[in-house]
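FYI, it's all coordinate maths here, none of it is from the lab. Small disclaimer: the values here were computed from a predicted structure and weren't measured. Heads up, the Cβs are rebuilt from the backbone with ideal geometry, glycines too, and the neighbour counts pull from every protein chain shown.
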Amino acid sequence: MTDKPNVLIVDDSTADIHVMLECLKADFSIAVAKSGPQALAHCRESVHPKVILLDVSMPEMSGYEVCKHLKDNEATANIDVIFVSANESLEEKLKGYDVGGSDYLTKPVQPQELISKVRTAVARAAQLESASLAQKETMDIAMTAMKGAGEQATIIHFLRDSGACESLVGLARLVVASASQYGLSSTAQIRTAWENIEASITEPIPPLEKEMLFALKDGARITQRGKRLVLNFGPISLLVKNMPLDDDDKCGRLRDHLALILEGAVLRIQVLMIQYDLNNLMRESDASLMRVRKLQVQQKRDGVQIMDDLMVEIHSTFLNFDLTDEQESVLIGIVEKYIEKSFVKYEEGLSIDEELQFIADQIHRASARMFS
């Protein structure tokens, strides 16, 4: 018996099977099925694989049909499915996600990408197994809290608690935690110019789920496909996976509640982004003032050295002009007068620096009061 993680390759192409088998056999225990029915039979009769690499286009049963059968069966619903297809369009990926796929590979597969995605899926499966009990307990607690607090209270609590969120990560987690108060399993994505932040009640989050949220961000504000609900509110999107289809009234109420929660989240995102920009501005202004101070100090040193060099050169030059002591004294006095004026201007420049520092300090204090 091997300790290697089990991987099932499902493909009707012998050549494609051979390529994937050669890439994976060193690190994984590989089983092969050449059709959808064979794959389903393998999952019923053998040890469940950790990951299934599932070809989309097969003659007897498509990969999407196979995946739907797996996900509809409680015994195989948690097997990680990676679709393998020559078609990488968004529509195809949406089909894969809709039936429960967690990732997508494009043919011809690249060995390093294949190995990386399978390893990630195996690690994700292990995390899900270890976290399943804790997640069940969390959902039980959430359901109990929901019954006591009521649906409206969840919105009020979110609006109160979101004001204390100091990071976008914390806000995303608060959104999915609030959705869980309604018994909903969800994933939130917050997008900035430099990163996407995701949080889910069932982490780790499948790569395809993250990709789908990003791909659908510019779609309709509220979209529902069966039990799945996607809400897009500017920089934040929420995917709910288990809307209660058996209760139309409750389903409608929950959509409204989640919309209010996301509207509140958008306001907090705006505040956090303003705070982020102000903090960046403060850091940049502090760095600029430091550079100005260093430059002024160096300029003063250079100015003093230039004046010293000038005086030495004047004294040595006077020897060649055969000037009287009185004439030398007059000329030296004129030079020293203008040297003194140059230092006065330098000191005036320092006062400007102090004014800039005063303005920066005022902005710091105003920012601290605004976000405290």
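Determine, from the Cβ-Cβ distance of Asp309 and Ile332 and an R0 of 22 Å, the FRET efficiency 1/(1 + (r/R0)^6), rounded to the nearest 0.05.
Efficiency, rounded to the nearest 0.05: 0.90.
Which of the aspartates and glutamates could a cross-linker span from Lys4 if the Cα-Cα distance has to be under 13 Å and same-chain partners fewer than 8 positions apart are dropped?
The reachable aspartates and glutamates, counting only those whose Cα sits under 13 Å from Lys4, are Asp27.
7 Å from Cα along Cα→Cβ at both Lys341 and Glu129: what's the point-to-point distance in nm?
8.7 nm
Is the shape of segment 142-260 best called rounded, prolate or oblate, per the rule: a/c under 1.5 gives rounded, else a/b larger than b/c gives prolate, else oblate, with a ≥ b ≥ c the square roots of the Cα gyration tensor eigenvalues?
It is oblate, given that a/c is not under 1.5 and a/b is not larger than b/c.
Starting from 0.36 nm per residue, how many nanometres of slack lie between Leu90 and Arg291 once their C-alpha separation is accounted for?
In short, 67.4 nm is gained.
Stretched out fully, how many nm does the piece from Asp325 to Gln270 gain, at 0.36 nm a residue minus the Cα gap?
The Asp325-Gln270 span can extend by a further 12.4 nm.
Which shape class, rounded, prolate or oblate, goes with segment 198-273 when its Cα gyration tensor gives a ≥ b ≥ c as root eigenvalues, a/c under 1.5 marks rounded, and past that a/b bigger than b/c marks prolate?
oblate
Under 17 Å Cα-Cα from Lys300, which aspartates and glutamates qualify once same-chain neighbours fewer than 8 residues away are excluded?
Cα-Cα hits under 17 Å: Asp308, Asp309, Glu336, Glu340, Glu347, Glu348, Asp353, Glu354.
Set the Förster radius R0 to 22 Å, insert the Cβ-Cβ distance between Asp246 and Asp98 as r into 1/(1 + (r/R0)^6), and round the FRET efficiency to 0.05.
0.65
Given the pairs Lys217/Lys241; Lys107/Lys227; Lys68/Lys93; Lys95/Lys117, which are separated by over 26 angstrom at their Cα positions?
Too far apart for the 26 Å limit: Lys107/Lys227.
In a shell of Cβ-Cβ distance under 11 Å around Leu70, excluding Leu70 itself, what net charge do Lys and Arg (+1) and Asp and Glu (-1) give?
Value of the local net charge: -1.
Please work out the FRET efficiency for the pair Arg228 and Ser116, using the Cβ-Cβ distance as r and a Förster radius of 35 Å; give the result to the nearest 0.05.
Using R0 = 35 Å, I get an efficiency of 0.80.
Using alpha carbons only, what's the Rg to Rh ratio of segment 3-140 with Rh from Kirkwood?
0.95
Give the cross-link partners of Lys294 among the lysines, using a straight C-alpha distance below 28 Å as the criterion and excluding same-chain residues fewer than 8 apart.
Straight-line reach from Lys294, under 28 Å: Lys337, Lys341, Lys345.
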